[in-house]
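What follows is calculated from the coordinates using simple rules that are stated; it is not laboratory data. Please read these numbers as outputs of a predicted model, since none were measured by experiment. For neighbour counting, all protein chains shown are included, and Cβ atoms are generated from backbone atoms with ideal geometry for every residue, glycine included.
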Amino acid sequence: MTKMKKIEAIIRTSKFEEIHECLLGLGVKFLATYEVKGMGMEPPKSQTYRGVAYEPAYIPRTKIEVVVPDSLVDGVVDCILTNGNTGRVGDGKIFIYEALAAYRIRNNDTGEEAL
């Protein structure tokens, strides 16, 4: 069975299209995205709503999840690092996990064929 990894990346929403195009170019076949909020080293910026200033507790970001064969891991990570980098605090994080199995529900494909 082919070894696979699940890659999760929390990125600036403004960088999603660049990263998405790069991932498609690498041949990534499956991609899930989520609108998320989080906090890290970047301090929240004061905002004004109806004349009242407040500091939002969490900063909006986009989360990308992909599962790829081990052979694509370095390319996916490089794609996210290169296209997601602004050089400022808040560019995001990448996490990599072992993916033990994958199944396509429609026809019972397994492993890399299920991706």
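Karplus-derived 3J(HN,Hα) values for segment 22-32, using 6.51 cos²θ - 1.76 cosθ + 1.60 with θ = phi - 60°, are 5, 4, 4, x, 7, x, 5, 9, 9, 8, 10 Hz; glycine and proline are entered as x. Axis of helix 70-84 versus longest Cα principal axis of the chain: the two differ by about 20°, to the nearest ten degrees.
Relative protection proxy for 61-71, 94-104, 16-26, from highest mean packing down: 61-71, 16-26, 94-104 (other beta-carbon atoms within 10 angstrom).
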